[in-house]
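Inspection log for the structure reproduced underneath, given as structure tokens.
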2 protein chains.
Amino acid sequence: MKRVVSDITKTAGIFILLFVPACLLAEDGYDLWLRYKIVNDAGRLAHYRQTVTGININAASPTLLAAKEELEKGLNGLLGKKLPEHNLLQNGSVMAVKAAASDIVSRVISKELLASSGKEGFIIRSAVVRNKRIIIITGNTDISVLYGVFHFLRILQTQQSLADLAIQSSPSLQLRLLNHWDNLDRHVERGYAGFSIWNWHTLPDYRDPRYKDYARANASVGINGVSLTNVNANAMVLTRPYLEKVAALAAIFRPYGIRVYLTARFSAPIEIGKLSTADPLNDSVQHWWSNKAKEIYSLIPDFGGFLVKANSEGQPGPQNYGRNHADGANLLADAVAPYQGIVMWRAFVYSQQSNDRFKQAYEEFKPLDGQFRKNVLVQVKNGPIDFQPREPFSPLFGAMEKTPLMMEFQLTQEYLGQGTHLVFEAPMFKEVLQADTYVKGKGATVAKVVDGSLYNHSLNGMAGVANIGNDINWTGHLFGQANWYTLGRLAWNYELSSEQIADEWIRQTFNNKAFLVSTVKKIMLSSHEAMVSYMTPLGLHHIMGNGHHYGPAPWSDNLPRPDWNPVYYHRADSAGIGFDRTSTGSNALAQYSAEVRHRYEDPGDCDEKYLLWFHHVSWKHIMKSGRTLWEELCYKYYSGVEQARLMQQQWNQLENDVDKERFEHLRMLLAIQVKEAIWWRNACLLYFQGFSKMPIPSAYEQPDKTLEYYKNLRFPYAPGN
Amino acid sequence: MKRVVSDITKTAGIFILLFVPACLLAEDGYDLWLRYKIVNDAGRLAHYRQTVTGININAASPTLLAAKEELEKGLNGLLGKKLPEHNLLQNGSVMAVKAAASDIVSRVISKELLASSGKEGFIIRSAVVRNKRIIIITGNTDISVLYGVFHFLRILQTQQSLADLAIQSSPSLQLRLLNHWDNLDRHVERGYAGFSIWNWHTLPDYRDPRYKDYARANASVGINGVSLTNVNANAMVLTRPYLEKVAALAAIFRPYGIRVYLTARFSAPIEIGKLSTADPLNDSVQHWWSNKAKEIYSLIPDFGGFLVKANSEGQPGPQNYGRNHADGANLLADAVAPYQGIVMWRAFVYSQQSNDRFKQAYEEFKPLDGQFRKNVLVQVKNGPIDFQPREPFSPLFGAMEKTPLMMEFQLTQEYLGQGTHLVFEAPMFKEVLQADTYVKGKGATVAKVVDGSLYNHSLNGMAGVANIGNDINWTGHLFGQANWYTLGRLAWNYELSSEQIADEWIRQTFNNKAFLVSTVKKIMLSSHEAMVSYMTPLGLHHIMGNGHHYGPAPWSDNLPRPDWNPVYYHRADSAGIGFDRTSTGSNALAQYSAEVRHRYEDPGDCDEKYLLWFHHVSWKHIMKSGRTLWEELCYKYYSGVEQARLMQQQWNQLENDVDKERFEHLRMLLAIQVKEAIWWRNACLLYFQGFSKMPIPSAYEQPDKTLEYYKNLRFPYAPGN
């Protein structure tokens, strides 16, 4: 023992073996996918230690300092020893440097490759320079270097080879944002992970170390912007005391390449400016916003711009003054344009004038195409209703040729099981991005609309409504982290497959053991379809509980607006179920291109996943399986529950493969998920049975509660509401 | 290196050296004072390793399992190695066992000593048994053993000697409670540490690991009960779904000797029982509570009982039906008596009928002395107003001979700087406990009232309004933990000095380095008086901002009840300042015994700390220092700020003595504290100057803002409101 103790001494040049058994360190989820545990494969560890012997990076800017810190933290953890700095290159140096700051880079990397990397892309290259085998991490800017460092560390965390690296990666999209729906009182709308991480009261002077770790996590997946406040906006965030708090956050994020954005309450000129109007065409209103922008940019020179929800669900907007969305957006766009700011104007609107909420965003926005300033994007939810478990893509994608459209996904699981369901969203996002709009022939995918390539827009982007809160593990349900991770990875490269994203996340978040990786991957990749099956199969949508949106309430019909009520969406009656959106119904399908319309308009060959989105179908309609619609509905709901049980069983096999804490966390949550899946199944089938007048096939376990029981459940304190 | 690696292998019987440098592990405050870091003094470590070589404990109950887990966790961390189990005693065995379960114990420990240890007291004894040097941790019950284990680990954490241990310790008080003011929506009233740790929505099925660590922390300082919900009660917690959630928490706490209590909304029979009345003398109301108790105890057999706020600040109560507090308390007491439950009925009342709020609790409760059931305690705030930075002790202490009085302290710093001020409360609590009521001659201290010894009450206790929330470090401000720690230690033994409590806490929370311990101790021990000086010196009280109670607002006079307004309390006018509570004023002093009254009734020799509590004093009154009252006021405010600056400077010296994370945490918070101290000083003096018409002495740094500036500050989202 004494010999061991005396060996473990730190002297110049001697590597220290820091033996830190993973079991001692609590896996509370705080470290997300940046855990940097010592590589647990002896062969890989040896390869890494041989290939990487020191760090060469000049922390000449805050971003490069961040890169250096990350490289040290990552490599020291992964390699299990403190790597020295290599001021002179040696065998095994990892050199992280901006291209213009190093002539070595220009010798190794071609000008063309660098030019094609743009402002954020990075290059990682194994090279022999002056007979030294080194690894170069580079790009055109400091932030490229930081992104390259994160990618490099991901290679080690996922135990890939470091031999002959030749990586070039640039982001698909320019704007890669999180949208927090955080209120100033720290309540998070549709939040299931505790409360807002922004502690406004103690900002700007108290800067919680979480903010830096938040920035690191985002930078690790290339997220480069965050809108801090709820789209149901509060003008107070635009007042000076709050702007100073925002500036403090911006300063923490800036080295990580992250800009801050704020939601702009359209009536702010009245509420805080004490003007009598907020009419976008009014001079003093324009001056007010112009001065406000000046004030903001004096505090935050790289402020990103505004995100706006207007004339939607009670939010004020230009229509209050007889103006249109373009007038409103342009007002703000002009205010921030001198500072290269942008406006993201949300298309989530549904006024009273349509016979189908599905159609309203398109009806309000398409006529405005081309009327927006060039620094405006219209931000569109992936589907035409509201983040349902499955939605057809919004018909606005491809319909507005002259306007850049920004994709809005929802990471927080408002309709996808909230805080208690494991649902990996990548397959759902991919389904949308890969959907073909056919607006310019085949191949005009939603992704090509969003990345601007279809209609040649350089301003482009994607946003995810955040699922982050002040819970220790950031997302409440541990697997919520995977959706945060996914948003970044897809916004960087939407060609990545769900499987690859899951694979990366699992290896970094848990470990690289083959059985664990394959089992968790199965769980994740099956989770979305399972959830659709036990909640809203066959194209059902919007049948959740009022207000809190927790649990099923397909019977609900008492809210003031018809299109807030589940009955509006499923339209169950004695004849059948589903919403006719063909030309015999609301004709929402007409908003799509002809090819898309044709795919869905015939109930006989409509993809059954969307059947009830577009058709009111007889209970006796024969499905492709040969079952009647009613039987198929039962089959789907019951299958969904079985899939949830399978997920639970698969997880329970992993007791020896993951740490106790996270094993228990998932064990408890998956048990809740199965219970809630059964609740959805029973409540929905018992209710719909009242219309189908057909029994739940007796081979299935029958519901052990009554419809009345389910109807009487109340959750006055369900979170996020 | 290879040799080192091969040495670090785990084989049966070989101790493993787990080298875990503290610097690698984030000091985020989560582990509170139970960090169990390897002992950093080589001599002490050697002594411990020689003296403690293994653990002998039979985990024959959940409590003993908890004790075993803690002993292992603690010793393995502190000694830096995994200790083996000693099934047979050896030299160095630590034997933790209930007395009745071990004949060794009866050989070593006398019957008398065991008998005097009661149900919770523990004994720790070094002994030689069969020629083996062992340490025995014992007591009459499993929970005594657990308490003994925590004390034992504290000895090592504070680096005391393990030689010749002969410790016996029993608690001073029977009930040692935390009172959470947590709402069901997770907002915490007067909470500055995030939001409620109780995640009701996912209980009972999701049991957050924090609950267990919460239980450990409480058990480590002997806290044996927790009231989960806000005294501004919500009847819903008494409904079945919530009782099941409460039962889940109770199950986690039970092994740690912690019972759960709930706040009872007096109108619950109406709100959830659908009765038409809540009259305590009504049969159906009595039946309702009786059935409710039966339901609770069927789920939670050791449910502690109810905590009640009634007919106070809008809460319903017996007076709504023309009944009195005793009627109300007895209603509930009868309901829980069959199950050995208790009722803690709060005396925090102030109806409209008095000329001085100070007097009202006494006026309402003293006449009821002797009318309460024997399982009722009247819970009394330490002072007669409301948890001010300094209050004279409540005149109820000693005034109710026939009724057990429970002390209610406030840990959460509602009036003591909220989330941003370092204030160690032990000196303040001690000041109250040591105060002599003189109701039965000299020595009739408040402590003797509270521990029941003055009037022979076996039912006795102390409660602290919790400062705990879902922030990672539990209390927001790291030093809030010290106040949680203090409540437990004082409730266990109120004779402990503030210095000893601080010493223990510092050594366990930070480290045992002499410079750090002495410096942090200075900071802590000076903090309360500093805060009194920069907020409310010389007996000023209740001059804070409306609603949120954040910051100063001595000018405030616009709330509907006069005794909600600061002006009511300081009564500043051209003649002077302060509240005359002598016979020429409200005569509140008459509520005390003659000796106490005499000590305060003469402004010439009244302890100046309380001067303005009891007297309206001329601005020109000459103080003991020779300064006028106005000058003394300035002197106090300015000294307070200087003391805060000194605390800040003292902390800033510790950069090399504490981890970076907590150094920064305190650095930022102390800077805020100084800023806020200046704010208090300036706002109060600028305002009072309007009455004194005298200048702030020019030698002092003059306020750099105007009174108008301070009056116009608004904090619509200050936490805890």
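A few notes on this one:
- The H on the amide N of A:Met406, modeled in the peptide plane, is under 5 Å from the matching H of A:Val378, A:Gln379, A:Val380, each at least 5 residues off or on a different chain.
- The residues of chain A expose on average 36 square angstrom of accessible surface per residue, using a 1.4 Å probe on protein heavy atoms.
- Net +/- balance of residues flanking B:Tyr550 in space, Cβ distance below 10 Å, scoring K and R +1, D and E -1: -2
- A straight line joining the Cα centroids of the stretch A:425-469 and the stretch B:186-253 runs 44 Å.
- Cβ-Cβ FRET estimate between A:Ser61 and A:Ala115, R0 fixed at 22 Å, reported to 0.05: 0.50
- Computed over the stretch B:115-171, the alpha-carbon pair-distance distribution with 10 angstrom bins reads 26, 50, 23, 0, each value a whole percent.
- Sequence of B:Glu112, B:Glu529, B:Glu401 when ordered by accessible area, the most exposed leading, probe 1.4 angstrom: B:Glu112, B:Glu401, B:Glu529
- Descending semi-axes in Å of the stretch B:567-721, equivalent ellipsoid built from Cα gyration tensor: 33, 20, 17
- Cα pair distances of the stretch B:31-78 binned at 10 Å [whole percent]: 24, 46, 26, 4
- The residue list B:Asn183, B:Gly461, B:Gly305 was ranked by how far each Cα lies along the charge dipole of the stretch B:175-509 toward its positive end, using unit charges on Cβ atoms, and B:Gly305 comes out on top.
- Computed over chain B, Cα set: Rg, Dmax in Å: 26.6, 86
- The spacing between the stretch A:557-584 and the stretch B:131-171, judged by their C-alpha centroids, is 70 Å.
- Eligible aspartates and glutamates near A:Lys522 by straight Cα distance, threshold 17 Å, same-chain separation 8 or greater: A:Glu425, A:Glu499, A:Asp503, A:Glu504, A:Glu642, A:Glu655, A:Asp657
- Inter-chain Cβ neighbour count for A:201-207, averaged per residue, equals 6 (cutoff 10 Å, partner chain atoms only).
- Chain pair A, B: total accessible area buried, heavy atoms, 1.4 Å probe, Å²: 4200
- For the protein assembly as shown, the dipole from Cβ point charges (+1 on Lys and Arg, -1 on Asp and Glu) about the Cα centre works out to 3020 debye, to the nearest 20.
- Its Cα gyration tensor gives the stretch B:291-390 an equivalent ellipsoid, and the semi-axes of that ellipsoid, as √(5λ) in whole Å with the largest first, are 27, 14, 12.
- Value at 222 nm in deg cm²/dmol, rounded to 500, when DSSP H runs of n ≥ 4 in the protein assembly as shown each add -39,500 (n - 2.57): -11500 deg cm²/dmol
- Per residue, the convex hull spanned by the Cα atoms of the stretch B:175-509 amounts to 122 cubic angstrom.
- Sparse packing (at most 10 other Cβ atoms within 10 Å of the Cβ) combined with a DSSP loop state is found for the following trypsin sites (Lys or Arg not before Pro) in the stretch A:399-456: A:Lys442.
- Dividing the convex hull volume of the alpha-carbon atoms in the stretch B:204-263 by its residue count gives 76 Å³ per residue.
- Histogram of C-alpha separations across the stretch A:359-465, 5 Å bin width, %: 2, 13, 23, 25, 18, 10, 6, 2, 0
- Taking trypsin sites (Lys or Arg not before Pro) across the stretch A:559-649, the ones in a DSSP loop with at most 11 further Cβ atoms lying within 10 angstrom of their Cβ are A:Lys624.
- Ligands, DNA and RNA aside, A:Lys212 has an accessible area near 80 Å² when probed at 1.4 Å.
- Delta accessible area of at least 40 Å² on complex formation, residues of the stretch B:676-721, 1.4 Å probe, chain isolated as reference: B:Tyr717
- Under 5 Å between amide hydrogens, built in the peptide plane, is the criterion, and for A:Thr202 it picks out nothing among residues at least 5 positions away or on other chains.
- Nearby lysines by direct alpha-carbon distance to A:Lys374 (threshold 21 angstrom, same-chain neighbours under 8 apart not counted): A:Lys119, A:Lys292, A:Lys294, A:Lys309, A:Lys366, A:Lys402, A:Lys448
- The phi torsions of the stretch A:661-675, fed into the Karplus equation with coefficients 6.51, -1.76 and 1.60 and a -60° offset, translate into couplings of 4, 6, 4, 4, 3, 6, 4, 5, 5, 5, 5, 5, 4, 5, 4 Hz, rounded to whole numbers, with Gly and Pro shown as x.
- Once the Cα atoms are used to define both axes, helix A:514-535 deviates from the longest principal axis of chain A by about 20 degrees.
- Across the stretch A:472-561, the mean sequence separation of Cα contacts (distance under 8 Å, 6 or more residues apart), normalised by length, yields a relative contact order of 14 percent.
- Counting lysine pairs in the stretch B:605-691 whose alpha carbons fall under 26 angstrom apart, excluding pairs fewer than 8 residues apart on the same chain, gives 8.
- Largest first, the three principal axis extents of the alpha carbons in the stretch B:21-169 are 47, 31, 24 Å in whole numbers.
- Expressed as a whole percent, the accessible surface of chain A that belongs to carbon and sulfur atoms is 50, based on a 1.4 Å probe.
- Per-residue Karplus couplings for the stretch B:148-165, computed as 6.51 cos²θ - 1.76 cosθ + 1.60 with θ equal to phi - 60°, are listed in order as x, 4, 5, 5, 4, 5, 5, 4, 6, 5, 9, 6, 8, 6, 9, 7, 6, 6 Hz, Gly and Pro entered as x.
- Within the protein assembly as shown, the ratio Rg/Rh, alpha carbon atoms throughout and Rh by Kirkwood, equals 0.97.
- In a simple Cβ point-charge model (Lys, Arg +1; Asp, Glu -1; nothing else charged), the stretch A:442-568 has a dipole of about 220 debye relative to its Cα centre.
- Hits among aspartates and glutamates - C-alpha to C-alpha of B:Lys68 under 17 Å, sequence gap 8 or more where chains match: B:Glu85, B:Asp142, B:Asp213
- Inter-part distance, the stretch B:489-548 to the stretch A:296-350, computed on C-alpha centroids, equals 50 Å.
- Per-residue Karplus couplings for the stretch A:357-368, computed as 6.51 cos²θ - 1.76 cosθ + 1.60 with θ equal to phi - 60°, are listed in order as 3, 3, 8, 6, 4, 4, 4, 7, 9, 4, x, 8 Hz, Gly and Pro entered as x.
- Annotation: amide H-H contacts under 5 Å for B:Lys374 (H modelled 1.01 Å from N, sequence separation of 5 or more, or interchain): none.
The values are calculated or read from the model by the stated rules, or taken from the named source; none is laboratory data. Here the structure is a predicted model, which is why all the values come from computation and not from measurement. No Cβ is skipped: glycine too gets one built from the backbone with ideal geometry, and neighbour counts run over all protein chains shown. Heavy atoms of the whole protein, side chains included, go into the accessibility calculation; ligands, DNA and RNA do not. Shrake-Rupley method; radii C 1.70, N 1.55, O 1.52, S 1.80 Å.
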